[in-house]
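The values are calculated or read from the model by the stated rules, or taken from the named source; none is laboratory data. Owing to the predicted nature of the structure, the values given are computational and were not obtained by experimental measurement. Every residue, glycine as well, gets a Cβ built from its backbone with ideal geometry; the counts of neighbours run over all protein chains shown. Please note that ligands, DNA and RNA were not included when accessible areas were found on the heavy atoms of the full protein model with its side chains. Shrake-Rupley method; radii C 1.70, N 1.55, O 1.52, S 1.80 Å.
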Amino acid sequence: MVEQAVDGIRIEGLRKRYGSGDTAVDALRHVDMQVAPGEVVGLIGPSGSGKSTLLKCLGAVIEPSGGRMTLGGQAIYADGWRIPDLRSLRRDRIGFVFQAPYLIPFLDVTDNVALLPMLAGLPNGEARRRARELLEALDVAHRASAMPAQLSGGEQQRVSIARALVNRPPVILADEPTAPLDSERALAVIRILNQMARQFDTAIIVVTHDEKIIPTFRRIYHIRDGRTEEEAGEGRGFE
Amino acid sequence: MISLAGRDILHAWGKFVFTGVGLGLLIGVTLTMAGVYRGMVDDARALLDNSGADLWVVQQNTLGPYAESSSIQDDVYRSLLGMPGVARAANVTYLTMQVRQGERDVRAMVVGVVPGGLGEPGQPPYLVAGRHLTRGHYEAVADLASGFRLGDRVQIRRNQYTVVGLTRRMVSSGGDPMIFIPLKDAQEAQFLKDNDAIVRQRRRTAENPAFDRPGVPGLLDAVIATQSVNPYVNAVLVQLQPGFDAEEIAEPIRRWQRLQVYTRGQMEAILVGKLIATSAKQIGMFLVILAIVSAAIVAFIIYTLTLGKIREIAVLKLIGTRNRTIAGMILQQALGLGLIGFVVGKISATIWAPFFPKYVLLVPGDAARGLLAVVVICILASLLAIRAALKVDPAEAIGG
């Protein structure tokens, strides 16, 4: 099933080397990953194993040293960037969920979510309509006009998920999205990510250390010394 | 697209408003400094306009009577009146001194004019209260800025004068109020010595054998008499008949009377270009320093505000916000701060300008130039913050 996931995420032999010569460090030696649309996979590994580097490569914020990456059926990297405008790629085809929500403090909840489609050129009214739909789906529509500082941690994270989904990207990269949350809220966030992945046919990679949520993944990629190993997860709780 | 800068300003309005008020007070000081310079220039022009003269006849090789001392005989005006094209000519003396009234004294320019010469050049052109000088001695017409009132008794040197009239905007090029007194009194005030000095001078003269010649009785008395009067004035102000060119009349006076003559334009050039030039440079230096301080404040505030948003900027860049959108946000905030500052500064300057002891003239042109300078300063000041924002790595938004 995973081999047919041409519209999700496909990574083959991805490498990343920092520096050169004697001081060179191979952060990623050989990474293979595939995530199907509608699937949520976990990426776990000890500190310094290369998780963040992999996420930065996938997010097109640093350039890999070699290998291939395909997002949503489009090759974005094959021993060099295949897309000239990485900013538009990040805006339109990749959603980001961070450890802290990092909402824009001077925009209300609706505009935090609507900002991305506005940046993409959508009219304000249409962008806000799309944002409100997502806020309803994520059960935070009642806080639509609140400022980020007025929200609880869980609400902020749900708004950041709405922001990641608003441009309907084929891929979402979540960097420790449950780290600041208690067990109940952490599981709620993972439940939402699973729902959204299925609803919007989005491939989601969740980087985590969080022992509470690791059993929820059906598939897990372990990354050690810059290499990935796939294993089956328990997939508990979200059948 | 929503205005990120506007939303940020609304969100942190207190910070922006208080910073803007602080900046505004600085801009207010800057506008006031410009107003002080304009006031000096206007005072100089008012001095020339209110004198009613077309030509200033002064001692040869001097820039008198305002920029340098000048002394010419007080009968020169008669020969000037005989020249074609001259309508009126009047003697005038100027002396800047402390004028006492009871316990207080006022810095003033004492002007000696011919009493009863209403409409003559040098006379106050209009009064706001009282009457013009009519008696030959001990009357004064004072500018309102002196603080004197009708009926006040003021002391100039040893003599007491009664204020019989009040005028307005009659000031020296330095902004000191003018006090008009009869010409003879003014001549005496300029050269009057104290009694002891007069006694000593007479004794010295009497002891000089050259003035005590046998067979020449009365020589000593004649010499002493010439030493006791002052037949000099500082300038003769000349009004021309309609249709005559000032330079055409000035040239024969220079040639035949051996005197220096200045036209209105030349006198203005002397006042503005020489008399207040140093003050203008001083104010110019202040304006430059204030502009630099304003720029530093705006740069510091905007830079600090930007550094406080580094993580948000990293997120904005990561999610695909263009650099120009981020730069625009910072620039708009800097301009917003500048505009708040300018409005506060303009209002402040307008409120406090009348309380300055010297005339502060706020002209719309200076306000427009000030606004332009604020805009330029804000643009330059925001460059540092924009540079910092553009250097933010979007990867900073991702942990590790």
Cβ-based charge dipole, the protein assembly as shown, positive-most Cα from B:MET267, A:GLY235, B:LEU220: B:LEU220
Cα Rg, Dmax (largest Cα-Cα span) when computed across the protein assembly as shown, Å: 42.9, 146
Dipole magnitude of chain A, debye to nearest 20 (Cβ charges: Lys/Arg +1, Asp/Glu -1, about Cα centre): 480 debye
Nearest-0.05 FRET efficiency for B:ILE310 and A:GLU12, computed from C-beta distance (R0 41 Å): 0.70
Span-rule helices in chain B, defined as complete DSSP H runs reaching 27 Å or more along the axis (Cα) with Kyte mean at least 1.0: B:277-307, B:323-352, B:364-390
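Run through the stretch A:159-232 and list the GluC sites (Glu not before Pro) located in a DSSP loop whose Cβ has at most 16 other Cβ atoms within 10 Å. Don't skip to the answer; put the middle values down first.
On the way: sites: A:GLU184, A:GLU211, A:GLU229, A:GLU230, A:GLU231; in loops: A:GLU211.
When the GluC sites (Glu not before Pro) of the stretch A:159-232 are filtered for loop state and at most 16 Cβ neighbours within 10 Å, A:GLU211 remain.
So what is the orientation-averaged projected area of the stretch B:1-145, using the convex hull of its C-alpha atoms, in nm²? Mind showing how you got there, number by number?
Values: hull surface 69.0 nm².
With the hull built on Cα positions only, its mean projection is 17.3 nm².
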Segment B:GLU251-B:ASP196, length gained on full extension (0.36 nm per residue, minus Cα span): 15.3 nm
Among the listed pairs A:LYS51/B:LYS317; B:LYS309/B:LYS346; A:LYS51/B:LYS309; B:LYS193/B:LYS281; B:LYS184/B:LYS274; A:LYS16/B:LYS317, those beyond 28 Å (Cα-Cα): B:LYS309/B:LYS346; B:LYS193/B:LYS281; B:LYS184/B:LYS274
Solvent-accessible area of B:LEU220 with every protein chain in place, 1.4 Å probe, in Å² to the nearest 10: 40 Å²
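Just counting partner chain Cβ atoms within 10 Å, what average do the residues of peptide A:119-126 show around their Cβ? Walk me through the numbers on the way to the answer.
Values: counts 8, 1, 1, 1, 1, 2, 0, 0.
What the average comes to for A:119-126 is 2.
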Per principal axis, descending, Cα span of the stretch A:82-138 in whole Å: 36, 29, 23
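Averaged over all directions, how much area does the convex hull of the C-alpha atoms of the stretch B:1-51 cover when projected, in nm²?
Mean shadow area of the hull around the Cα atoms is 5.6 nm².
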Rotationally averaged projected area of the stretch B:89-248 (alpha carbon convex hull; nm²): 13.0 nm²
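With viscosity set to 0.890 mPa s at 25 °C, what whole-number translational diffusion coefficient in µm²/s follows for the stretch A:103-179 from Stokes-Einstein and a Kirkwood radius over Cα pairs? Working shown, then result.
Values: Rh = 12.3 Å.
Calculated translational D: 200 µm²/s.
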Shielding of B:313-324 by partner chains, average beta-carbon count, 10 Å: 6
Cα centroid separation, the stretch B:282-326 to the stretch B:59-101 (Å): 58 Å
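Is it possible to state the helix-based mean residue ellipticity at 222 nm for the protein assembly as shown, with each DSSP H run of 4+ residues giving -39500 (n - 2.57), the sum divided by total residues, to the nearest 500 deg cm²/dmol? What is it?
Details: 18 runs with 272 residues, N = 639.
It comes out at -14000 deg cm²/dmol, rounded to the nearest 500.
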DSSP-defined beta bridges in the protein assembly as shown - what % are antiparallel, rounded to 5: 65 percent
Rg and Dmax of the stretch A:142-229, Cα atoms only, in Å: 13.9, 45
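What's the Cα-based Rg to Rh of the stretch B:32-100, Rh via Kirkwood?
1.05
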Highest-first arrangement of B:355-365, B:180-190, where packing means the average Cβ count within 10 Å: B:180-190, B:355-365
Cα-based Rg of the stretch A:23-175 normalised by 2.2 N^0.38 Å, two decimals: 1.12
The stretch B:252-400: radius of gyration and largest Cα-Cα distance (Dmax), Å: 24.5, 95
Kirkwood-based Rg to Rh ratio, chain B, C-alpha trace: 1.21
Kirkwood Rh, angstrom, the stretch A:1-85 [1 / mean 1/r, Cα pairs]: 13.4 Å
Sequence-distant aspartates and glutamates (8 or more away, or on other chains) whose Cα lies within less than 15 Å of B:LYS391: B:GLU312
Selected from B:GLN155, B:LEU307, B:VAL233, residue furthest toward positive end of dipole (chain B; charges at beta carbon): B:LEU307
